[in-house]
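Heads up: the structure comes next, in structure tokens.
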Amino acid sequence: MVGLAIDWFPSGGESIPELSEGTFLGTISVCSTLPVAGLINSERVSSRVNANELDFGVVVQKTLLMAMVFVPFLGTSLVRGDDSLLPIQLKVLSYNIHHGEGTDSKLDLNRLAKIIQKVDPDLVALQEVDQNTRRTGVVNQIEVLAAQTGLFGQFAKQLDYGGGEYGQAILSKHPIQAFKVHWLPGEPDRERRIVGVAEFQIHGNTFLFGTTHLHHARVDLREGQTRELDRLFAQGTLPMILAGDFNASPDSQAIQMLQQEWRMATSEPMPTFPAESPTRQLDYVVVRPANSWRIVKAMVLDEPLASDHRPVLVELEWLGEN
């Protein structure tokens, strides 16, 4: 809920006394009882009202302006009726963004933000994300994408790179209550792989959402990383969505291993790479427990330009514990 309040400090009668221009009278406030994107706690933000602003139209304009600034950041999925309402619907996007560089060799985060906004996802898993590196202009990419999409953002570091950091990230309509990076087996002296996991709540239900990027070349490392994912999460008590660039074809041993504990959101191969003319599926969304989720829709977005991968969009329904 968002509340607007005008608090006038002098209140001695029905009329406001004559005051000189610039005299401080009170505040116009926007109060939020829900977390706002980019803020951890509820905030009260006030604007000073001076005597030269006593015109009613000015006051209303100022109030509405502040409301317009804050209201768009409140995700509609946070405002629901019954907290026990099921099923819970979620749109999940998995996207290897190639540090923002498209197949046209242009670095364009604004283009990526528009792609994300257009499909209005609840959760986004991003791979190959730069944070303050020289090659991408010393820009905090997840901070920029979070601001442009109005989503909560969290970076997961894999390694130091080019004066900054390189890794993965998560965007979410729902406040991220906890976040942890787990190391996966691999090549610690080169590009050790990770899974970054966010915890969030919807209608009183706690979920986990993870992003990962498995090894691109060595089959043995990729399969070892798959086994570690199972060890970390397959026997967990919380429902989980895992998305990312698995660097494996649907018929590979790594994907077959995953399917023993996880349900694939794509029931048939959906090529995602290379983006200009995809011939291989490398990007996936998987869920567990398998019988607690319904796959409503899965598709690869027709986006050949913004990255060297195409994004995967999946619509899910959480049916509750079965």
Counting only residues that are assigned to a loop (DSSP other than H, G, I, E, B) and in contact with a strand residue (DSSP E or B) (Cβ under 9 Å, 6 or more places away or on another chain), which one in region 213-231 is modelled with the highest pLDDT?
Leu214
Output the number of residues of region 224-241 satisfying the condition of being without any contact (Cβ under 8 Å) to a residue 60 or more places away in the chain and buried (at least 19 other Cβ atoms within 10 Å of the Cβ).
5
Working only within region 232-264, note down all residues that are among the charged types (D, E, K, R) and in a loop (DSSP other than H, G, I, E, B).
Asp251, Glu261
Can you tell me which residues in region 151-175 are outside any strand (DSSP E or B) and more than 9 Å from the chain's Cα centre (by Cα)?
Gly162, Gly163, Pro175
Got a sec? Which of His182, His174 is modelled with pLDDT of 95 or more, in contact with a Phe, Trp or Tyr (Cβ under 7 Å, 6 or more places away or on another chain) and either surrounded by fewer than 16 Cβ atoms within 10 Å (Cβ to Cβ) or not charged (D, E, K, R) (or both)?
His174
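Table: residues versus (1) within 17 Å of Lys91 (Cβ to Cβ); (2) in contact with a Ser or Thr (Cβ under 7 Å, 6 or more places away or on another chain); (3) of a type in the set (Val, Ile, Thr); (4) in the same structural domain as Ile97 (by TED's automatic domain parsing).
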{"position": "Gln177", "(1), (2), (3), (4)": "no, no, no, yes"}
{"position": "Leu184", "(1), (2), (3), (4)": "no, no, no, yes"}
{"position": "Val195", "(1), (2), (3), (4)": "no, yes, yes, yes"}
{"position": "Gly210", "(1), (2), (3), (4)": "yes, no, no, yes"}
I'm trying to understand the selection: among the residues of region 198-208, which are small (Gly, Ala, Ser) and surrounded by 18 or more Cβ atoms within 10 Å (Cβ to Cβ)?
Ala198
Being in contact with a helix residue (DSSP H, G or I) (Cβ under 6 Å, 6 or more places away or on another chain) and surrounded by 21 or more Cβ atoms within 10 Å (Cβ to Cβ) narrows Thr149, Thr211 down to just Thr149
Of (1) at pLDDT 95 or above; (2) among the charged types (D, E, K, R); (3) under 18 Å from Leu316 (Cβ atoms); (4) not in a strand (DSSP E or B), Glu199 satisfies all except one. Which?
(4)
Anything in region 96-133 that is outside any loop (DSSP other than H, G, I, E, B) and out of contact with any strand residue (DSSP E or B) (no Cβ under 7 Å at 6 or more places or on another chain)? List them, or say none.
Leu109, Asn110, Arg111, Leu112, Ala113, Lys114, Ile115, Gln117, Lys118
Tell me, yes or no, whether region 261-283 has at least one residue that is within 21 Å of Ile115 (Cβ to Cβ) and without any contact (Cβ under 8 Å) to a residue 24 or more places away in the chain.
no
Contact list please: Cβ distance under 6 Å, first residue in region 153-169 and under 13 Å from Val139 (Cα atoms), second residue among the charged types (D, E, K, R), pairs at least six apart or on different chains.
Gly162/Arg134; Gly162/Arg135; Gly163/Arg134; Glu165/Lys157; Tyr166/Asp130
Filter result (of a type in the set (Val, Ile, Thr) and either modelled with pLDDT under 95 or closer than 14 Å to Thr211 by Cα (or both)) within region 232-259:
Thr237, Ile241
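So that you can scan it fast, the table gives a plain yes or no per residue for (1) closer than 18 Å to Gln89 by Cα; (2) in contact (Cβ under 8 Å) with a residue 12 or more places away in the chain; (3) among the polar types (S, T, N, Q):
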position	(1), (2), (3)
Lys118	yes, no, no
Val124	yes, yes, no
Gln127	no, yes, yes
Asp130	no, yes, no
Thr133	no, yes, yes
Thr136	no, yes, yes
Ile142	no, yes, no
Thr149	no, yes, yes
Go through (1) in contact with a helix residue (DSSP H, G or I) (Cβ under 7 Å, 6 or more places away or on another chain); (2) crowded, with 22+ Cβ neighbours inside 10 Å one by one and return the number of the condition Leu319 breaks.
(2)
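The values are calculated or read from the model by the stated rules, or taken from the named source; none is laboratory data. Keep in mind that what you see is a predicted model, and the values were worked out from it rather than measured. In this analysis, Cβ positions are derived from the backbone assuming ideal geometry, glycine residues included, and neighbour counts consider all displayed protein chains.
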